[in-house]
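Report on the structure given below.
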Amino acid sequence: MDRMVKTTTRKRFRFIPTEEETMIDLLECPDTIEWLGVSYRPILTNAATGGAMSIVDSLSPVGSGPPRHIHEREDETFVLLSGLCEFWVEGERFTKKAGETVFVPRGMEHTFRVIGGMPSRHLVILTPGGFEDFFADMAAGKFQIPQDMDRIAESARRHHLRFTGPPLGND
């Protein structure tokens with residue numbers, strides 16, 4: 001019981017991880033890329049799954065979030081590991097916190113924004129895989145919004161993504 005701690009308020013036990021069980025620091029990984037202050041690290045690539053899926057570990061600062069968009073090809077699942085995010089899916093707004101998930105089927109207009117007082121670390125699961133290459137394109141080009149929207153939209157089209165409106169907070 002040396003790694004389990006009894007909490008006093010709920011009579012539950014909380015797991016205390018060892019160093020080997022602690023989540024890696026995204027910012028220290030050599031394959032992490034950055035675009036507009038958001039760090040992305042593919043942890044399961046399209047190539048590794050034969051195109052079935054990809055998983056991207058993402059660390060997004062408070063206030064960040066993409067313009068409204070539609071993935072024509074991929075279902076997108078967000079697994080929040082830390083922080084708080086406001087989501088907008090097909091006109092409905094809702095908030096999710098660490099430990100919660102959001103599933104957005106392909107073809108649905110959506111966006112999100114990190115809110116609260118801390119960054120959000122979340123896994124983005126895409127089925128089928130391949131969309132993680134969009135993030136690599138953006139980081140390589142060091143594209144800015146809105147200055148480079150033509151070039152961003154060009155890459156988006158190649159990755160079956162269509163922008164439909166402003167980010168949350170700009171609407």
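The values are calculated or read from the model by the stated rules, or taken from the named source; none is laboratory data. Just so it is clear, the structure is predicted and the values come from calculations on it, not from any experiment. Glycine also receives a Cβ, built like all others from the backbone with ideal geometry; neighbour counts cover every protein chain displayed. For the accessible areas, the whole protein counts, side chains as well, though only heavy atoms, and no ligand, DNA or RNA atoms are used. Shrake-Rupley method; radii C 1.70, N 1.55, O 1.52, S 1.80 Å.
Here is how the numbers come out for the structure above:
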{"item": "Solvent-accessible ranking of Ile125, Ile145, largest area first, probe 1.4 Å", "result": "Ile145, Ile125"}
{"item": "Around Leu44: net Lys/Arg minus Asp/Glu count, Cβ-Cβ under 11 Å", "result": "-1"}
{"item": "Dimensionless Rg/Rh of region 78-127 - Kirkwood Rh, Rg from C-alpha atoms", "result": "0.95"}
{"item": "Phi-based couplings in Hz for region 50-57 (Karplus 6.51, -1.76, 1.60; Gly and Pro marked x)", "result": "x, x, 5, 6, 9, 10, 10, 8"}
{"item": "Volume in Å³ per residue [convex hull over Cα atoms, computed for region 40-87]", "result": "99"}
{"item": "Tensor-based shape of region 35-119 (alpha-carbon gyration tensor, a/c under 1.5 rounded, otherwise prolate or oblate)", "result": "oblate"}
{"item": "Heavy-atom accessible surface of region 27-118: percent carbon and sulfur, 1.4 Å", "result": "55"}
{"item": "Value of Rg/Rh across region 16-171 [Cα atoms, Kirkwood radius]", "result": "0.94"}
